[in-house]
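These notes concern the structure reproduced below.
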Amino acid sequence: MNIASLPLQSLVRKRTAYFLKPEEQRRGARYSLELPLRYIGLYRRKSLVSGTGCTVDMSSNGLLFTTDQYLEAGLDVELWIDWPARLHDETALQLVVSGRVVRVAGPEAAIRMKRCEFHTRGSAERHAEHEEYAADRMSLELR
């Protein structure tokens, strides 16, 4: 099944907060959304770690996602999420999110979003290629 052909409403499900303790309730509604993503962890604008994962849920100011490696709380991250809707039904989109890891539980990390914006897939891929170059350069510096 091609995820891009599904209506966005079928991919998003509002998470109810009735099972949460009062101290755990968030200000914004959280929506279950399972989409593939790539991420990098940054320290002073340099890439420290990169990997792949999947969104679990998101709200207007936070996002929970799975990771393929451990991320520490306090780490600044940038995520590239493959968005299922297309611009004018033609151009692939990615949601680019910047934030800080605020909680880690096993293979999941929660971030507080600082910035998010849609990019066309071409511009996001060029940015990712630049990041891969920066990560390769950093690995050479560490040797």
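Backbone phi angles across the stretch 80-86, fed through the Karplus curve with coefficients 6.51, -1.76 and 1.60 (θ = phi - 60°), yield HN-Hα couplings of 10, 9, 5, 8, x, 7, 10 Hz in residue order; Gly and Pro are listed as x.
Would you tally the net charge around I81, using a Cβ to Cβ cut-off of less than 13 Å, leaving I81 out, and scoring K and R as +1, D and E as -1? Net charge in that neighbourhood comes out at -3. Put simply, the amide H of N61, placed in the peptide plane, has no neighbours under 5 Å, leaving out anything fewer than 5 places away on its chain.
Based only on other Cβ atoms within 10 Å, what is the fewest-to-most ordering of E78, E90, E108?
Working: E78 21, E90 6, E108 15.
Least to most surrounded, the residues fall as E90, E108, E78.
Backbone amide hydrogens, once placed in the peptide plane, bring L48 within less than 5 Å of G41, L42, Y43, excluding anything fewer than 5 places away on its chain. Modelled label positions at V104 and R45, each set 7 Å beyond Cα in the direction of Cβ, lie 2.5 nm from each other.
Any read-out appearing in this document is the output of simple, stated calculations on the displayed coordinates, not a laboratory observation. This is a predicted model, so every value here is computed, not measured. Every residue, glycine among them, receives a Cβ derived from its backbone with ideal geometry; neighbour counts consider all protein chains shown.
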